[in-house]
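A short worksheet on the structure shown next.
Nothing in this text is a laboratory measurement; each read-out follows from the coordinates by a stated rule. Predicted, not measured: the structure shown is a model, and the values here were computed from it. Cβ: placed from backbone, ideal geometry, glycine included. Neighbour counts: every protein chain shown.
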Amino acid sequence: MSNVAISVHNLYRYFGPLKAVNGVTFEIPHGSVCGFVGANGAGKTTTMRILASLDYPTLGTAEICGFNVVSHPEEVRRLIGWMPDHFGNYEHMTVVEYLDFYARALGYKGKERRTRVQEVMEFTDLVPLAERFSNKLSKGNTQRLGLGRALLQDPQILIMDEPAAGLDPKARVELKSLIRVLANEGKTIFISSHILSELGEMCDSLLFINSGRIVHHGDSESLLMQTDVAGGLLYDVQLAGDPEALSTWCLLHPKVEFMESRKYGGRIRIDSTEVAEAAEILQRMVKDGMKICEFHREERNLEDAFIDMLGKIERGDIAGATPPPMPETKAFNPPSNPSE
Ligand code: ATP
């Protein structure tokens, strides 16, 4: 058996003139966790829906364990657990009835079905909520239910679209630990999220998509290293006086960029890799009357790296800015619309 769980080759999905997925190629090996990162509208959901056999590519191939998602959707659906970013709940259906309904749809029968539903409820910690109406759960518990549904057939591969969106910090930590357990069991997990720091911790690799194009695929360390040199030095600066003074000062100094506002000042980026230059800038700030009470170096994080990368793409400094046109081949003509 090949070691590749998910394989996507030259995948295109156009909606009229809109190039939602624009020549995407990547592979994810069995047993690894891959984070799918991109801004709103970058093409994550579209790619994931194609992988889940819920949409057709305009051109190109997507395979799950060697099965083409277009020609072998039944095999693909048997292998994957799909957790969409939004899923409908039925009124007046309890948690246990909801899972039982999907277990029936998957072909589980009798005792085996009851056992599987119970196992899933235990794993997702839904046993105490078994008799609650599924459409009245908190966001965190709704996500647990969605995960439970995706796990019913014990899939080898989990495709999760923004599972942490809208969760409070506690629910996010709990979801993360469930994902970690699944990863330790050897499942392949393809997960999209905007929360980069969390993805970096739990993913073996990160796949960055921008305007339908893959712009980076590697582990988080390689991403941080790649952008560190060009990214300059980052400092947290706190002032005893008006915090707004810092952003105004940065506007007048081209080598210093104001990155984000913080309660007592902000985070700045110095366009240099020399700490001596940072010391000179600190000196200048003090001379200009800024009441600095703290000035310390910060590590570059994944959000910084991602923003750096988007900046480079906008400036045309790295590949991904100019996508190759879709080949002039006859586009795939789907037999009929796939259903959710
Ligand atoms: P988000 O993080 O906001 O969910 P995303 O990266 O998942 O974004 P997609 O949902 O894949 O992005 O959408 C990519 C682009 O394709 C967007 O511009 C979106 O509006 C468009 N799009 C998606 N589905 C359709 C559709 N069925 N018809 C027309 N346009 C669509």
| said: Just to be sure I understand: of the beta bridges DSSP finds with both ends in the chain, what percent are antiparallel, rounded to 5? | reply: 70 percent
| Got the relative contact order for segment 62-172 handy, in percent, Cα pairs under 8 Å and 6 or more residues apart? | 38 percent
| request: Please report the relative contact order for segment 1-74, taking Cα pairs under 8 Å with a sequence separation of at least 6, and give it as a percent rounded to a whole number. | output: 37 percent
| field | Gyration tensor verdict on segment 4-73 (Cα atoms; rounded if a/c is under 1.5, prolate if a/b is larger than b/c, oblate otherwise) | value | oblate
| said: Would segment 169-276 count as rounded, prolate or oblate if I go by the C-alpha gyration tensor, calling it rounded below 1.5 in a/c and otherwise prolate when a/b exceeds b/c, oblate otherwise? | reply: prolate
| query | What base-10 log of the normalised intensity I(q)/I(0) is obtained for segment 4-217 from the Debye formula, alpha carbons as equal point scatterers, at q = 0.15 Å⁻¹? | reply | -0.96
| Between segment 256-290 and segment 7-21, what's the alpha-carbon centroid distance in Å? | 43 Å
| said: Compute the helix-to-body angle for 110-123: its Cα long axis versus the longest principal axis of the chain, expressed 0 to 90° and rounded to tens. | reply: 10 degrees
| task | In nm, give the distance between the simple-model label positions of ARG114 and VAL173, each being 7 Å from the Cα along the Cα-to-Cβ direction. | result | 3.7 nm
| Which whole-number percent is the relative contact order of the chain (Cα, under 8 Å, 6+ apart)? | 20 percent
| field | Rounded if a/c under 1.5, otherwise prolate or oblate - segment 234-282, Cα gyration tensor axes | value | prolate
| task | Could you list, in their original order, any pairs among LYS263/LYS291; LYS109/LYS187; LYS19/LYS44; LYS139/LYS176; LYS139/LYS170; LYS255/LYS312 whose Cα atoms are separated by more than 20 Å? | result | LYS109/LYS187
| query | Taking the chain as a Gaussian network, where each spring joins two C-alpha atoms under 10 Å apart, which residue of ARG104, ARG300, ARG213 fluctuates the most? | reply | ARG104
| field | Candidates TYR235, TYR56, TYR12: whichever shows maximal mean-square fluctuation once the chain is modelled as a Gaussian network with Cα springs under 10 Å | value | TYR235
| Estimated 222 nm signal from helices in the chain, with DSSP H stretches of n ≥ 4 weighted -39500 (n - 2.57), rounded to 500 | -11000 deg cm²/dmol
| Under a plain spin-label model, where a point goes 7 Å from the Cα along Cα-to-Cβ, how far apart in nm are SER197 and ASN40? | 2.2 nm
| query | How far is helix 169-184 tilted, in degrees, relative to the longest principal axis of the Cα atoms in the chain, given as a value from 0 to 90 rounded to the nearest 10? | reply | 60 degrees
| query | Which of these, ALA278, ALA105, ALA305, has the largest mean-square fluctuation under a Gaussian network model of the chain (Cα springs below 10 Å)? | reply | ALA105
